[in-house]
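Where a number appears in this text, it was derived from the coordinates with a stated rule and is not lab data. These figures come from a predicted structure and were not determined experimentally. Here the Cβ positions follow ideal geometry from the backbone for every residue, glycine too, while neighbour counts run over all protein chains shown.
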Amino acid sequence: MKIAVLSGKGGTGKTFISTNLAACIAKRHKVTLLDCDTEEPNCSIFIKSKIDEKTEISLKIPHIDSSACSRCKKCSDNCYYGAISIFKQSHMIFDFLCHGCGLCSYICPCNAIKESEKPIGIINSYIEKENITLHEGLLNIGQASGVPIIREMKKKAADSEIIILDSPPGSSCSVVETIKGIDMALLVTEPTPYGLHDVDAVVNLCTDMRIPFVVIINKDCGSYEKMDLYFAEKDIRVVSRIPFSEEISEQSSNGRLIIDAKSSFHIFESICKSIGVIS
Ligand code: SF4
Ligand code: SF4
């Protein structure tokens, strides 16, 4: 079972949910946790294991042989990311925009484009600890997209029975890559106008991609009628309302899992049961 934890924006408690959910499942089953927030991965703060292996991830970046190029502009016209410019006597390739898709070299009629590997980030794989195996994607500063890193992390976890994916915030192509092929998404939001605006974006994304989803309202401090109406109108299931609590905030900001406190374990046990990941 593959479950992704998403939120429309940062700071809603996505990593808090992912790590505590993984730890709760791990009381009974082995679980693989993928930290797909490649620009700011932080699951390792809570899992506290040691790095076992580092895997460098590269992209194939095109290079143009000017002497073979006819200046037809097929490559620049078809590069979706605007990573190539062809001029009368020269050209420019913007590495930081290139997604390494290989289209330009494939369609070049003069075979003028060759590719070379460029490192864009790493995957840190941690030693299994208390039934949790963590893989963490880390994008190099200045790189455009964590998609290739997320794709490789998913391959590493392919044999795992239960996978929790901590998604990047928002609804970018990295989020799309994270949720491709999953069984269910948990959308984390908070009961504020911003929370409602941002959860709507991920509700639409999951709907468009036909991914089943449920909602967790985090930092709940009394109902926000507009949000309740929104979920009711769209027939969206809210599986948990985690109360705003100073104790939970303090535990989290000190890098501690809240399920280690007996009083909070039942919150995650009930989420796991309601999505059918434990019985
Ligand atoms: S497609 Fe090939 S031949 Fe045409 S401009 Fe690009 S590199 Fe040159
Ligand atoms: S590899 Fe893809 S993204 Fe990169 S320059 Fe070529 S067409 Fe554009």
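Quick look at the values:
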| item | result |
| --- | --- |
| HN-Hα J in Hz across the stretch 253-260 - Karplus 6.51, -1.76, 1.60, θ = phi - 60°, x for Gly and Pro | 5, 9, x, 10, 6, 7, 6, 5 |
| Fraction of the pair-distance distribution of the chain above 31 Å, Cα-Cα pairs, percent | 35 percent |
| Under-5 Å amide H pairs with Leu33, H placed in peptide plane, nonlocal only | Thr133, Leu134, His135, Ile164 |
| Proximal lysines to Lys129, defined as alpha-carbon separation beneath 24 angstrom and excluding residues fewer than eight positions away on the same chain | Lys2, Lys14, Lys27, Lys30, Lys48, Lys50, Lys54, Lys154, Lys155, Lys156, Lys262, Lys273 |
| Against the rule of thumb 2.2 N^0.38 Å, how large the Cα Rg of the stretch 14-138 comes out | 1.51 |
| In degrees, nearest ten, helix 14-25 long axis to first principal axis of the chain (Cα) | 60 degrees |
| Ordering of 186-198, 7-19 by packing [mean C-beta count within 10 Å, highest first] | 7-19, 186-198 |
| Vicinal HN-Hα couplings computed from phi for the stretch 103-111 (Karplus, 6.51 cos²θ - 1.76 cosθ + 1.60; Hz; Gly/Pro x) | 4, 4, 5, 5, 9, 4, x, 9, 6 |
| Charge dipole magnitude, Cβ of K and R +1, D and E -1 - the chain, Cα centre, debye nearest 20 | 660 debye |
| For the stretch 224-236, Karplus couplings with θ = phi - 60° (6.51, -1.76, 1.60), whole Hz, Gly/Pro x | 10, 4, 4, 5, 4, 5, 4, 5, 5, 4, 8, 6, 9 |
| Furthest towards positive pole of dipole, Val239, Asn140, Ile278, structure part the chain, Cβ charges | Asn140 |
| Theoretical ellipticity at 222 nm over the chain - DSSP helices of four or more residues, -39500 (n - 2.57) apiece, nearest 500 | -9000 deg cm²/dmol |
| Sequence-distant residues sharing a close amide H with Ile242 (under 5 Å, placed H) | Ile217, Asn218, Lys219, Asp220 |
